[in-house]
Amino acid sequence: MKSPSLFVALAGMALWLFACRSHKYAASTLPEEVLIFGQGGGFTGIEHRYILCDNGQLFRQEGVSAAIEEAGRLPRRAAREAFEALDALGLRALHYEQPGNVYHFFELPSGKSSHRIAWDPNRPDEALPEAVRTLHAHLMELARAAKK
């Protein structure tokens, strides 16, 4: 007969694994804290947005009035690092709105309002920290390679 302690240990491990599993969001039920980033403008003027959730889920929206659809998943660690970088760079307090014909952006929703930072990727400006551009480029690379 098997030991009851083995059963208890296996049941405990199963519960622990289930508890560590992150919540899965739907496009209609996104969490309050998300990181929105993307690019827009050009000939068509369409804005391509990615919405990153804290659990690594990634959503995409092609045009402001288009439907939001799931775009895949980033590693949870990459998502956590992105949110930490956002805080370390002080993006919530950075006021920079200098888009060109083509622009890159971060958008940080907070309740019913949103904080937006936009810049022309072809125009260097010392007022915008280079780390902001680097974070954006890194997130765009991750989004393009996201697991579906």
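Every number in this text was worked out from the coordinates using simple rules, so none of it is lab data. Owing to the predicted nature of the structure, the values given are computational and were not obtained by experimental measurement. When we count neighbours, we look across all protein chains shown, and the Cβ atoms used for this are built from the backbone with ideal geometry, even at glycine.
Taking only Cα atoms of the range 102-143, what ratio of Rg to Rh do you get with Rh as the Kirkwood inverse-distance radius? Show your work: numbers first, answer last.
Details: Rg = 11.4 Å, Rh = 11.4 Å.
Radius of gyration over Kirkwood radius for the range 102-143 works out to 1.00.
Using the per-residue mean of other Cβ atoms lying within 10 Å as a proxy for protection, in what order, highest first, do the peptides 130-141, 24-35 fall?
Numbers: 130-141: 15.2, 24-35: 12.8.
Sorting 130-141, 24-35 by mean packing, highest first, produces 130-141, 24-35.
Helix hunt in the chain: which complete DSSP H runs extend at least 20 Å axially by C-alpha with mean Kyte-Doolittle at least 1.6?
Numbers: long enough: 4-20 (24 Å, 1.94); 130-144 (21 Å, -0.01).
The qualifying helices are 4-20.
Between K112 and L94, what length in nm is gained on full extension when 0.36 nm per residue of separation is reduced by their alpha carbon distance? It would help to have the intermediate numbers written out before the result.
Numbers: separation 18, 0.36 × 18 = 6.48 nm, distance 1.89 nm.
Gain in length upon complete extension: 4.6 nm.
Expressed in nm², what is the orientationally averaged projection area of the convex hull enclosing the Cα positions of the chain? Could the numbers behind the result be given before it?
Numbers: hull surface 46.6 nm².
That works out to 11.6 nm², a quarter of the Cα hull's surface.
If you wrap a convex hull around the Cα atoms of the range 73-148, how much volume per residue is inside, in Å³? Walk me through the intermediate numbers first.
Values: hull volume 8.7 nm³, N = 76.
With only Cα atoms used, the range 73-148 gives 115 Å³ per residue.
In debye to the nearest 20, how big a dipole does the chain give about its Cα centre with +1 on each Lys and Arg Cβ and -1 on each Asp and Glu Cβ? Before the final figure, lay out the partial values.
Details: 17 positive and 17 negative charges, 171 e Å.
Taking the Cα centre of the chain as origin, the dipole is about 820 debye.
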